[in-house]
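Structure first, commentary second.
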Amino acid sequence: MSLRQTLRFAVATSRLGAVARWQPARVRRMQQRRLGRLLRFAARHSPFYREKYRGFDLARADFARLPTTTKQEMAEHFPQVVTDPRITREGIECFLSNTHNLGHWFLGRYGVSRTSGSQGQPLMIVQDRHSLELLFAVMSARATTQRPTPFEGWRRLRSPKRVAIVATQRGFYPSGAAFEFMSELVGPFVRVERLASQQPDLFQRLNDFQPHVLVSYASVLDALAWRSDLLRLTHLRQIASSSEQLTPRARERIQASFGVPVVDHYATGECLFLSDGCPTHGGAHINVDWAIVEVVDRHYRPVPPGELGDKVLVTNLANRVQPFIRYEVDDRLALATGPCTCGSHLPRIERIEGRSGDVFWTRDAHGDRMLSGVLFHTAADAIPDIREWQAVHAERNHIELSLQLSCAASQSAADARTRLIAKLRELGLPREVTINVRIVRFLASDPVTGKRRRMINRVGPPDRWDATNDVCNVHSSTELIARRA
């Protein structure tokens, strides 16, 4: 990257940092201008959106009334969705089949990746250089405790910020593929060290590199915090968690071990710059100048701040080569009800309860019953000796629960089992449901993405469940917990 490019990146970063402190009405006007341009471009250049928006006057239509898009639609109609006719499914599949293409541009201009398919059908994702530059500029501007200035480029040329990214392995999953381009797009502004969580000299490499920022999955950060006595990171100023849900307890452990702020980023592979973690209150500020997040219930009605939705609709305002507009993501979020004292005026995601698909459907004499991850989170958090957990819905009325205990556990494994089961029953786990609890040294992560899933459903919803008409006798564990609070 040339001096001119580095300074341009520094100016862009400073500008993005300033936008976060604009009044919300001004940011919304910018958002709406970009939305209008995206809708017109998609309808003109994407056969998929041209057909989807047929009959709509996009200049006057209520955005909330436009049809949503799903992952299945985007995957099935991939050739019609993309706006560059040179992009073909076969071409990308061939490109992705060769790991030597990591860090190289498809057709000389596009970064490509694919989702893991852990939540259903895999999807190929295409981004241009602008989208990836925006990702790193937003991170530099907003995912930090220090406010960037236009002179940052000069200072960084002399002393670049050192960022250590600890993943499980390289791959074409969205975040991993994107970070392959970071050094090229950011240049001297940031010095990046990519490490693998399983490499035997990880602690020594971190000590030698002396990062200012450490980025990894929540589970990896928690493991590093557990052995923080082996690390001497005297220059560390911030830790960033991404891709996995960071529990409040894990956040406290990591922050206490390293003594620096921990920010928790929330994003999707389809919009990697969706939000940046708040170092003051937790949660994450939505980058609404470049993305739109609609928190809705199962009937697609808006959910007010403070209440959990059933899913979110994501619109990526930067990606024109593969537009994602009102794209359905089965995550359960709640927006904050008030302003944040960190100085950012961007709306904040207060909490994330995981995917709406991460629920277990059991059955009793009265019908089918839904158990959400909140029940397991609450029960595990009530027992200090439990470090991590993973629940597997093995049969309709049987759950396998694995526990990783703290190295300083004050009670026996048998006591931890007994207390956890008692707490689950207290919070509403039906008597008909059997649960097998086992103690493990470590919990396994996905071998491809490295992410750890706490809720693994091998059974699925009831055959005749109808979410629209609510025909099942559903007892939300969230409600059960609230009634007992």
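Potential lengthening of the chain between residue 199 and residue 382 amounts to 62.5 nm, from the contour at 0.36 nm per residue minus the alpha-carbon distance.
Going from the residue with the fewest nearby Cβ atoms within 10 Å to the one with the most, 375, 102 rank 102, 375.
Legend: calculated FRET efficiency, residue 256 to residue 170, from the Cβ-Cβ distance at R0 = 35 Å, rounded to 0.05, equals 0.65. Scaling against 2.2 N^0.38 Å puts the C-alpha radius of gyration of the range 293-423 at 1.35. This ranking places 105, 389 by how few other beta-carbon atoms lie within 10 Å of each, fewest first, which gives 105, 389. Take the Cβ atoms of residue 412 and residue 281, set R0 to 41 Å, and the FRET efficiency comes out at 0.65. In summary, the convex hull built on the alpha carbon positions of the range 3-355 has an orientation-averaged projected area of 17.5 nm². Each of 183, 113 has some number of other Cβ atoms within 10 Å of its Cβ, and from fewest to most they run 183, 113. Multiplying the residue separation of residue 396 and residue 130 by 0.36 nm and removing their Cα-Cα distance gives an extension gain of 91.1 nm.
Can you tell me the FRET efficiency between residue 442 and residue 90 if r is taken as the Cβ-Cβ distance and R0 is 41 Å, rounded to the nearest 0.05? List each step's numbers first, then the result.
On the way: r = 40 Å, r/R0 = 0.97.
After rounding to 0.05, the efficiency reads 0.55.
Within the range 3-355, antiparallel bridges make up roughly 60 percent of the DSSP beta bridges whose residues both belong there.
Every number here is computed from the coordinates shown, using simple stated rules; none is lab data. These figures come from a predicted structure and were not determined experimentally. All Cβ positions, even for glycine, are placed from backbone atoms using ideal geometry, and neighbour counts span all protein chains on display.
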